[in-house]
Every structure is written in structure tokens, then in C-alpha cells.
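Data first, discussion second: the structure below is written as C-alpha cells.
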Amino acid sequence: MPDVKKAELVQGIVFMASPVRLDFHGVPDNLMQTWLGTYAAYRPHLQCATNLTVRLGPDDVLQPDALLILDPGHGGKTSIDESGYLAGPPELVVEVAASSVSRDAREKLVSYRRAGVREYLLWRVIDEVIEWFVLDEDEYRPLPVVDGCIESRIFPGLVLNVPSALAGDRAIVLETLNAAR
């Protein structure tokens, strides 16, 4: 399909990308990219990537908004397949969802869990909710919010100031992250 810019295979079903708006996707997505990129910049064993194809299995070829992966020498589970795509579960996947919230909160959550993605952060923009899940005994459990912040279990110092993220305050999000280093 030559006019297709982005599509995902989720549990064997092809989904086309929705149009993207500045306030409901572009700005929050950029905040997540900046936050993860800043964290990864100080850790050479990590890679941060955005909007790339990830092959999780024959029925799941997704394009998460952002992800963090550990290098295989540091325990990472991903590799590059023969076509140059990421194969296997990233350690952390981030989805910024407005029109796709139903799919991101259901089918994609199941796909990520089934593939072994260790942490999944879902920003439901319209609902003004950020949920961060950790894989625990093959189930996703929400990470606790403490003093307005959520911290990764697998990436020490990866802290998100939730009220500041929801308010679009990049400076406070990055100050909170840097203070945790």
C-alpha cells in the first residue's frame, strides 16, 4: 500500500495510524522522547528509540512511540533481525494515546505483556492519566505513585514527575529526572 505511512499488526489485525494532533500527541510524545533521551544519554548501555518497528512475534509487529532497550551484553532481550528491524521485547515501551487509547490499553497491553516487555508506560492524554506497569509473574501491575512521581523498577533513577508531565512542564520533568541521578 504505497500511501500507507504507518500501520501496526496487533494480535494478527492490521491497524492504520490515526491522524496526529499537536496537543493530543505531538507535544506529549516529544516530552517523553526528551525525558527518555536525557536518561539514556548518561548510560552507554542503553538505547532510546522512537517510532520504530518492533517484531514481537508473528502476530505482533508494533510501532511504539518510544522505548528503552538494554544492550544484550547488559541483559537486554532485543536483537536486530535480518531485515534490520528490532526483534524481541524492549525493556520499556511508552505509548502516548489519544484516539488509540482503547487499543493501547487493551490489545497492545496484552501483546507487550505476552512478549515479555518488562515495563509499559501508557499516557492517556485526553483522560490526563499516566499509567506505568511492571511485568510481575506474567501480569502487569501498576507502579506506585509516590509524592507525584513514578520510578522504574528496572532502570534506576528513571523517575517521572506525573503532575508536571500532565501539565506539559518539561523543565520540572527533567529537573526531577536529574535530581534522581
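Miscellaneous remarks
- Exclusive hit being in contact with a Ser or Thr (Cβ under 7 Å, 6 or more places away or on another chain), of a type outside the set (D, E, K, R) and farther than 20 Å from LEU177 by Cα, set ALA115, ALA87, ALA98: ALA87
- Filter result (surrounded by 14 or more Cβ atoms within 10 Å (Cβ to Cβ) and farther than 15 Å from THR176 by Cα) within segment 24-39: PHE24, HIS25, VAL27, PRO28, ASP29, ASN30, GLN33
- Selection within segment 116-130: residues that are over 12 Å from VAL93 (Cα atoms) and touching a strand residue (DSSP E or B) at 6+ places or on another chain (Cβ under 7 Å). The member of this set that is surrounded by the fewest Cβ atoms within 10 Å (Cβ to Cβ) is ARG124.
- Qualifying residue in segment 97-107 (condition: within 12 Å of the chain's Cα centre (by Cα) and either closer than 18 Å to GLN33 by Cα or surrounded by 19 or more Cβ atoms within 10 Å (Cβ to Cβ) (or both)): yes
- Test for LEU92: is it in contact with a Phe, Trp or Tyr (Cβ under 8 Å, 6 or more places away or on another chain), surrounded by 14 or more Cβ atoms within 10 Å (Cβ to Cβ), more than 22 Å from PHE24 (Cα to Cα) and not hydroxyl-bearing (Ser, Thr, Tyr): no
- Residue pairs meeting the criteria (Cβ under 6 Å; at least 6 apart or on separate chains; first under 11 Å from GLY157 (Cβ atoms), in segment 39-54; second surrounded by 13 or more Cβ atoms within 10 Å (Cβ to Cβ) and among the hydrophobic types (A, V, I, L, M, F, W, C)): TYR39/LEU158
- First in segment 97-120 and closer than 20 Å to PRO58 by Cα, second anywhere and at pLDDT below 85 and among the hydrophobic types (A, V, I, L, M, F, W, C), Cβ under 6 Å, 6 or more apart: GLU107/VAL10; LYS108/VAL10; SER111/VAL10
- Taken together, ARG181, ARG170, ARG153 contain a single residue that is surrounded by 13 or more Cβ atoms within 10 Å (Cβ to Cβ) and in contact (Cβ under 8 Å) with a residue 60 or more places away in the chain, which is ARG170.
- Residue in segment 59-75 that is surrounded by the fewest Cβ atoms within 10 Å (Cβ to Cβ), counting only those that are outside any strand (DSSP E or B) and either hydroxyl-bearing (Ser, Thr, Tyr) or touching a residue at least 24 places away in the same chain (Cβ under 8 Å) (or both): GLY73
Table: residues versus (1) at pLDDT below 90; (2) aliphatic (A, V, I, L, M); (3) more than 10 Å from the chain's Cα centre (by Cα).
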| site | (1), (2), (3) |
| --- | --- |
| ALA49 | no, yes, no |
| ASP71 | no, no, yes |
| GLY88 | no, no, yes |
| GLU91 | no, no, no |
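- Hits in segment 33-53 - residues which are under 11 Å from ALA66 (Cβ atoms), part of a loop (DSSP other than H, G, I, E, B) and among the polar types (S, T, N, Q): ASN51
- The combined condition, being in contact with a His (Cβ under 9 Å, 6 or more places away or on another chain) and either of a type in the set (Lys, Arg) or farther than 20 Å from LEU46 by Cα (or both), is fulfilled by VAL125.
The values are calculated or read from the model by the stated rules, or taken from the named source; none is laboratory data. Just so it is clear, the model here is predicted, and its values are computed rather than measured. Here Cβ is always computed from backbone atoms with ideal geometry, including for glycine, and neighbour counts include all displayed protein chains.
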